[in-house]
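Report on the structure given below.
The values are calculated or read from the model by the stated rules, or taken from the named source; none is laboratory data. Keep in mind that what you see is a predicted model, and the values were worked out from it rather than measured. Note that each Cβ is placed from the backbone with ideal geometry, even for glycine, and that neighbours are counted across all protein chains shown.
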Amino acid sequence: MAKDYYKILGVGNDATDEQIKKAYRKMAVKYHPDKNPGNKEAETMFKDVVEAYDVLSDKDKRQRYDTYGTVDPIYEGGGMSMDDIMKRFMRMGGFGSFFDDEFGGGMSFERQTVSRGANAKVRVTVSLRELYNGGKKTIRYDRYKRCRHCDGKGYETDGRLVSCPHCKGSGYITKTTIYGHALSRQMTQCPYCGGSGKFVDKPCRECGGSGLEKVEESFEFTLPPSITDGAYMGINGMGHHGERGGQPGDLLLYFKVEDDGKFSISDSNPYDLVYIDEVPILDCITGCERIIHFIDGKDYKYTLKPCVPDGYVLSLRDKGLPKKEGRGNLLVYIKHKMPVALKSDDERLLRKLKKSTTFK
């Protein structure tokens, strides 16, 4: 279930930008890890507060959140680590003058953390036949994993990690600005070590010090029910590994459903299938039995009543795509099929029929 970011910040969904900013300031100060060391509950609340402000302070993200109830699959899947949250926190201003009063003019925030790996995003094309029948599907994608030569350390056997001389191992650099009698301090991620606080001495000759190598990964998964075009699914820990031992990110699968030429997905319901049946005009007049060669390999028979109009729709229950409970329907659209030409005998018969009151 998507998080209620307005409730997390304690504001209404009609809150102004200034009200959101004020609420964020109060909550971030209250739950910041450096004010609550070892408090897991406070750490979780801090993550939620940063997520909430990251979304609600951005006009486009807030609009998508108000419309769809979510913005980022990473947020929804709970895949954000504390390191990810801290990076977003620093990106939004960190400990600048915004927090100076609460933290006594600055902080000694030192986090010698290892970055979590990035998420791997893969677009998966699924045919209607695969979606209807379910089962397993295998994909292949490029993934950065721990270097086999250095076992992910990033340096040769006679090398080592040393503290970054620019940030003295903290991973962050403090910039102090004086405005008259006021003093402002702002912390930013160290650009020299990427926030890790470490440098590699004698980098690995295979990975260049990153501790990662690019490999082709194979992954088999079961197609879940209720997959629709544009849906996504997250698999924990199957993304890229982090540098020098960082935990792997997630694998995000984005689904594209392809029509097969005969059957398509209804515009009004993503679980209903559409089939256009071209029926000879005389069969539409007299009624008949029709057979559909379906995508599951079976033949289905249905009865067409006499005098069916062009564009008539029959609904065959439970013949559509799987959803969480049951299936959608198969919608059969009747299209009158006219003859290309008439023989003289056929034309005479039809002219006689035109004299009947039935055809008036």
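Scanning the stretch 1-35 for residues that are surrounded by 14 or more Cβ atoms within 10 Å (Cβ to Cβ) and among the polar types (S, T, N, Q) yields a single hit, 19.
Counting only strands (runs of 3 or more DSSP E) that sit wholly inside the stretch 73-184, those with at least 2 residues that are under 36 Å from the mean Cα position of the chain (by Cα) and at pLDDT below 85 are 172-179.
Return yes or no: is residue 302 more than 17 Å from residue 125 (Cα to Cα), surrounded by fewer than 17 Cβ atoms within 10 Å (Cβ to Cβ) and aromatic (Phe, Trp, Tyr)? Yes; evaluated as a whole, the condition is true for this residue. Set side by side, the residues 198, 262 differ, and just one is basic (Lys, Arg) and closer than 15 Å to residue 115 by Cβ, which is 198.
Has the stretch 252-267 got any residue that is more than 23 Å from residue 131 (Cα to Cα) and free of Cβ contacts under 8 Å to residues at least 24 places away in the same chain? Within the stretch 252-267, not a single residue is more than 23 Å from residue 131 (Cα to Cα) and free of Cβ contacts under 8 Å to residues at least 24 places away in the same chain.
Out of the residues in the stretch 295-352 meeting the condition of being of a type in the set (Gly, Ala, Ser) and within 35 Å of the chain's Cα centre (by Cα), tell me which one is farthest from residue 276 (Cα to Cα).
The qualifying residue farthest from residue 276 (Cα to Cα) is 326.
Would you say residue 14 is within 26 Å of residue 63 (Cα to Cα), assigned to a loop (DSSP other than H, G, I, E, B) and at pLDDT 85 or above? So residue 14 passes the test. Within the stretch 219-241, not a single residue is β-branched (Val, Ile, Thr) and over 17 Å from residue 126 (Cβ atoms). Residue selection: residue 49 satisfies the criterion of being part of a helix (DSSP H, G or I), modelled with pLDDT of 85 or more and among the aliphatic types (A, V, I, L, M). Scanning the stretch 218-236 for residues that are more than 16 Å from residue 132 (Cα to Cα) and polar (S, T, N, Q), we see that the one that is surrounded by the most Cβ atoms within 10 Å (Cβ to Cβ) is 236. Evaluating residue 200 against the criteria (1) in contact with a helix residue (DSSP H, G or I) (Cβ under 9 Å, 6 or more places away or on another chain); (2) closer than 18 Å to residue 256 by Cβ; (3) not in a loop (DSSP other than H, G, I, E, B) leaves one unmet condition, (2). The number of residues in the stretch 139-159 that are touching a Cys at 6+ places or on another chain (Cβ under 9 Å) and of a type in the set (Val, Ile, Thr) comes to 1.
Of the strands (runs of 3 or more DSSP E) lying entirely inside the stretch 232-300, those containing at least 3 residues that are of a type outside the set (S, T, N, Q) are 232-235, 251-258, 273-280, 288-293.
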